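The values are calculated or read from the model by the stated rules, or taken from the named source; none is laboratory data. Bear in mind that the values here come from a model prediction, so they are computed numbers and not experimental data. Note that we place each Cβ from the backbone using ideal geometry, even for glycine, and neighbour counts take in every protein chain shown.
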Amino acid sequence: MKDRGFTIIELIIAMFIVSVLLVLTAMSFDRILFGVRSETSSAEGGIERLVGLQLLRLDLEHLGFGIARDTADPPVAWTEGAGPANRLLTLRSTLNNSNPGTIGWFLYDCTAGGSYTARQVASGGTGLNNTIVVLDQNRAFVENNNRATGNCPAGIQVLTGYPYDGTVANGCSTSAQWCNQTTYRLSVGQDLSTCAPGTRNLLRAVGASAGNPVLNCVADFKVRFDLDSDENGTVETNNTTALPATTADIIDQVRNVDVYILVQVGLRRIEASGSDRALFSGTTTLDGIAFDTAGIPDFNNYQWKTMKLSGKPMGWQ
């Protein structure tokens, strides 16, 4: 019996089958590779979000720290203009969480008068600045002074001093007292290739600085407040943008500051054929608050996460 080889038709069929297997293998590999890239990007983004959001949480919890009840500038303010580019959260405090020299307090017993340093009875924190804002026992503003050389004012027995950074622009510009101002807003744009077009960076700025990104690929952010309007210890009003008119009322009534963020998670999905794969079919509403996504043309081709960050101001509790 003679050996018989393959016919042309058999070779063509075999090559076709091998080609199909190679294409299927390549598609599977592409999916696996994208999954690895996406998971890596998600893990890296998760760490960055954790750090940035922790700083924002600290700023929320310390807002109003060292701010006098009779200070004209409110310890917190929120402007929600049309579109994400016009959102602005303003926080005022003597404390700046990115400057250890402002983290602290000093307690003085000025019954017998004399210098601040001689009458200091307690202190806390790591703040080493000598420049302090001085408040009395009723949290009324007394003076801005130098802890190393200042003297106790006459007629006041107990004082508290809060260190502040005098090198930044005065965040309490219309008030006698000095303070630091920290603002959160969205950048005009961003140039990260992994972020969806139209997204922005959430910027944190101290004083008059341009600010630094604390969170990338943000579509929108909004702020709401929980108020104890009758000051009975129970929150009566949730999710409001209307703040009390005076600093004293803000201190007495604001119980929580809630920040809502819509942020991109993961990379854009491109099929092997070059076409997009829609990833997002979830909601862009959280606690009844709808995020603005009109400025993001390829919104559904990315993955998104709605986030809520609540901060209970400790500066006046």
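Look at (1) closer than 22 Å to Asp292 by Cα; (2) surrounded by fewer than 23 Cβ atoms within 10 Å (Cβ to Cβ) and you find that Thr199 fails only one, number (2). Checking the structure you have, find out if any residue of segment 230-251 is surrounded by 19 or more Cβ atoms within 10 Å (Cβ to Cβ), in contact with an Asp or Glu (Cβ under 9 Å, 6 or more places away or on another chain) and within 22 Å of Thr283 (Cβ to Cβ). There is no residue in segment 230-251 that is surrounded by 19 or more Cβ atoms within 10 Å (Cβ to Cβ), in contact with an Asp or Glu (Cβ under 9 Å, 6 or more places away or on another chain) and within 22 Å of Thr283 (Cβ to Cβ).
Of everything listed in (1) over 21 Å from Phe291 (Cβ atoms); (2) among the polar types (S, T, N, Q); (3) surrounded by fewer than 18 Cβ atoms within 10 Å (Cβ to Cβ); (4) at pLDDT 65 or above, the single unmet condition for Asn96 is (3).
Can you tell me which residue in segment 143-173 is modelled with the highest pLDDT, limited to those that are closer than 23 Å to Leu91 by Cα and of a type in the set (A, V, I, L, M)?
So, considering only residues that are closer than 23 Å to Leu91 by Cα and of a type in the set (A, V, I, L, M), the one modelled with the highest pLDDT is Val168.
Select from segment 256-312 the residues that are of a type in the set (Asp, Glu) and at pLDDT 85 or above and write down the one among them that is surrounded by the most Cβ atoms within 10 Å (Cβ to Cβ). The qualifying residue surrounded by the most Cβ atoms within 10 Å (Cβ to Cβ) is Asp258. Among the residues here, Asn146 does not qualify as closer than 30 Å to Phe291 by Cβ and not aliphatic (A, V, I, L, M). Look through segment 65-93, keep the residues that are of a type outside the set (A, V, I, L, M, F, W, C), within 12 Å of Gln177 (Cβ to Cβ) and out of contact with any Asp or Glu (no Cβ under 7 Å at 6 or more places or on another chain), and return whichever of them is surrounded by the fewest Cβ atoms within 10 Å (Cβ to Cβ). The residue in question is Asp70.
As a summary of the residue check, Gln137 satisfies the conditions (1) free of Cβ contacts under 8 Å to residues at least 60 places away in the same chain; (2) buried (at least 17 other Cβ atoms within 10 Å of the Cβ); (3) closer than 16 Å to Ile67 by Cβ except for the one numbered (2).
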